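The values are calculated or read from the model by the stated rules, or taken from the named source; none is laboratory data. Since this is a predicted model, take the numbers as computed values, not measurements. For neighbour counting, all protein chains shown are included, and Cβ atoms are generated from backbone atoms with ideal geometry for every residue, glycine included. Only protein heavy atoms, including side chains, enter the accessible area calculation; ligands, DNA and RNA are left aside. Shrake-Rupley method; radii C 1.70, N 1.55, O 1.52, S 1.80 Å.
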Amino acid sequence: VQLQASGGGLVQAGGNLRLSCAASGIVFYVNAMGWYRQAPGKEREMVAFIKHDGGTGYADSVKGRFSISRDSAKNTVYLQMNSLKSEDTAVYYCYVDDADFRSFGQGTQVTVSS
């Protein structure tokens, strides 16, 4: 399984960014896709996920600001990030669960300047 993420960059506080991640080489089926992030000096944390049935989940820190969606036909997941804060600065990693097998992408940097 391979994942290709895009959409990271530098944005001012209060701005918006949209991340995309396309999965290829799925062997079984896409059980879920989502995003983690890791800020300097901190542990990786789950940001958002979307399951095969469309169910979603978010970290408390991003609820109401971030929105996850998908294009099932393209095995692509999107993360719309609004009202960004400096504490959202991190490397964002997408993942896919091919049945019960999780694979991570290479990460994309998001930097929010205050």
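See the values below:
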item	result
Number of the condition not met by Glu43 [criteria: (1) assigned to a loop (DSSP other than H, G, I, E, B); (2) of a type outside the set (Val, Ile, Thr); (3) open to solvent by 60 Å² or more (accessible area, probe 1.4 Å); (4) within 21 Å of Val11 (Cα to Cα)]	(4)
Test: Val27 is at pLDDT below 95 and open to solvent by 40 Å² or more (accessible area, probe 1.4 Å)	yes
Condition met for Ala32 (under 13 Å from Asp97 (Cα atoms), open to solvent by less than 40 Å² (accessible area, probe 1.4 Å) and in contact with an Asp or Glu (Cβ under 7 Å, 6 or more places away or on another chain))	yes
Residue match in the stretch 71-80 (condition: free of Cβ contacts under 8 Å to residues at least 12 places away in the same chain, not in a loop (DSSP other than H, G, I, E, B) and not acidic (Asp, Glu))	yes
Residue list for the stretch 62-88, filter: over 13 Å from the mean Cα position of the chain (by Cα), crowded, with 19+ Cβ neighbours inside 10 Å and on the phi < 0 side of the Ramachandran plot	Leu84
Of residues in the stretch 89-114 being more than 16 Å from Ala39 (Cα to Cα) and among the aromatic types (Phe, Trp, Tyr), the one least open to solvent (accessible area, probe 1.4 Å)	Tyr95
Residues (in contact with an Asp or Glu (Cβ under 8 Å, 6 or more places away or on another chain) and aliphatic (A, V, I, L, M)) located in the stretch 78-114	Met81, Val110, Val112
